[in-house]
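The values are calculated or read from the model by the stated rules, or taken from the named source; none is laboratory data. Remember, it's a predicted structure, so these values are computed and weren't measured experimentally. As a convention, Cβ positions derive from the backbone with ideal geometry for all residues, glycine included, and neighbour counts pool all protein chains shown.
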Amino acid sequence: MKTEIINIGDELLIGQVINTNAAWMAVEMNLAGFMIDRVTVIQDETQAILGALEQSRMNSDIILITGGLGPTKDDITKEALCQFFNTTLAFNLKAFENIERFFHQRGISVTELNRKQAELPENCTPVHNQNGTAPGMWFETTRDRTGEKVIIISLPGVPFEMKSMMKDLVIPMLKIRFPQHTIIHKTIMTQGIGESFLADLIEEWETQLPSNISLAYLPHPGIVRLRLTGIGNHATNIRKQIEEESQKLQKIIPHYIYGYDDEQLEETVGRLLKERKLSVATAESCTGGYIAHLITSVPGCSVYFKGSIIAYANEIKEKELGVSAESLFTFGAVSEQVVKAMASGIMEKFKVDLAIATSGIAGPDGGTDEKPVGMIWIAIASPSGITARKYQFGDNRDRNIRRTAMQALNLLRKTVIGEPF
């Protein structure tokens, strides 16, 4: 069963609008048991639509289209569909009644432009749009070379209209028409190891996965997600298989796994701090408050997070955190001695159980031969002492800040649970 999504819109191609429709549709179809084989984004232009449809009909069983169904002259999807199916537009009374009802509920009259939205290709079945005036269209055709059935569904591009139609009407109808496998995902969240090194560590485990379970590596600065996908006819059996493989992986890389199913690292840290009734503060230089931002993005963080000092300038490190001028002069701001003093200073100033401190050269400038761009020091202070680690990241400023924050949060996590680093 091959399924394709075609998103129509010049605004998508020029980057003016992010294509969130494709991502949402893929997730929902996947949950319903349909795998998406391809996503295509095309111009709002007749030949582009016709070409995409012709190609898709030869390869896909289900084609989902969004966009180009509004009341204005630049919305040409219906006309293109008429040309594709060699048919004409006809006034659809049921579609018009839905449009009329939509306007009546809002106390306004149907305009001539909106009345024209009830004109649909003669060979389609209307798909009711309860949140807008543009009906969806359900077509059934065949693949020319084989005569196999192909379903083409055209929906509005407005996200909240499309989502309602997909969940309430389209997906339920597709599930009736097509038998589908159960698809189950489990995501293992890792931190502290790069994708290639991780792949080397788990290669033997990966090669021995059951044939119906696949693994995908999903790297992000500072994080690598491992997504297990199981496909089969029995949900219980698939879940059991995935859980067994997840437990095997836990034994292989226990120090790198911090959570499951897209749990954010800041959420994991927050939960651990809350459970243990511990407080934390941050003293940030190169990360500029980003760690504090991540921590405070979690609801309820006021229970454990006390505050932060962004000590970018050396004078702030001295005055607010108690870092000695001698240390700054002798070792420099990017040093083990200074980052430890920052952690100690914030811990004492805010009277917290734990503290994070960062100092480094995020870039793109400011590096030297001795201290190149991407050199970062992170310190974690706890009642048992202060530990600092040096890292050498890349030359991209944004990625360096993100990776430093992820590394710092994971070191804090390990400190809380008593795991060495």
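Kindly indicate which of Gly366, Gly385 is at pLDDT below 95, out of contact with any strand residue (DSSP E or B) (no Cβ under 9 Å at 6 or more places or on another chain) and at positive phi.
After applying the criteria, what remains is Gly366.
Residue by residue through the range 105-164, note down the ones that are surrounded by fewer than 20 Cβ atoms within 10 Å (Cβ to Cβ), over 25 Å from Lys2 (Cβ atoms) and β-branched (Val, Ile, Thr).
The answer is Ile108, Val110, Thr111, Val158.
Yes or no, residue by residue, for (1) assigned by TED's automatic domain parsing to the domain that holds Gln191; (2) hydrophobic (A, V, I, L, M, F, W, C); (3) under 21 Å from Arg402 (Cα atoms):
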site: His293; (1), (2), (3): no, no, yes
site: Tyr304; (1), (2), (3): no, no, no
site: Ile310; (1), (2), (3): no, yes, yes
site: Gly322; (1), (2), (3): no, no, no
site: Met342; (1), (2), (3): no, yes, yes
site: Phe350; (1), (2), (3): no, yes, no
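Identify, please: which residue in the range 378-421 is surrounded by 16 or more Cβ atoms within 10 Å (Cβ to Cβ) and of a type in the set (Gly, Ala, Ser) and is, among those, nearest to Leu273 (Cα to Cα)?
The selected residue is Ser382.
Residues of the range 52-95 being aliphatic (A, V, I, L, M), surrounded by fewer than 16 Cβ atoms within 10 Å (Cβ to Cβ) and touching a residue at least 60 places away in the same chain (Cβ under 8 Å), which ones?
Correct list: Met58 only.
One residue is enough: does the range 230-243 have a residue meeting the conditions closer than 30 Å to Thr404 by Cα, among the β-branched types (Val, Ile, Thr) and surrounded by 13 or more Cβ atoms within 10 Å (Cβ to Cβ)?
no
Just to be sure I understand, how many residues within the range 44-75 are in contact with a helix residue (DSSP H, G or I) (Cβ under 6 Å, 6 or more places away or on another chain) and assigned to a loop (DSSP other than H, G, I, E, B)?
Of the residues in that region, 4 qualify.
Counting only residues that are among the hydrophobic types (A, V, I, L, M, F, W, C) and touching a Pro at 6+ places or on another chain (Cβ under 7 Å), which one in the range 54-98 is nearest to Thr146 (Cα to Cα)?
Phe85
Could you list all residues from the range 293-326 that are farther than 14 Å from Met342 by Cβ, hydrophobic (A, V, I, L, M, F, W, C) and in contact with a Ser or Thr (Cβ under 7 Å, 6 or more places away or on another chain)?
Phe305
Could you list, in sequence order, the residues of the range 196-212 that are out of contact with any Ser or Thr (no Cβ under 7 Å at 6 or more places or on another chain), of a type outside the set (Gly, Ala, Ser) and in contact (Cβ under 8 Å) with a residue 12 or more places away in the chain?
Result: Leu201, Ile202, Trp205, Leu209, Pro210, Asn212.
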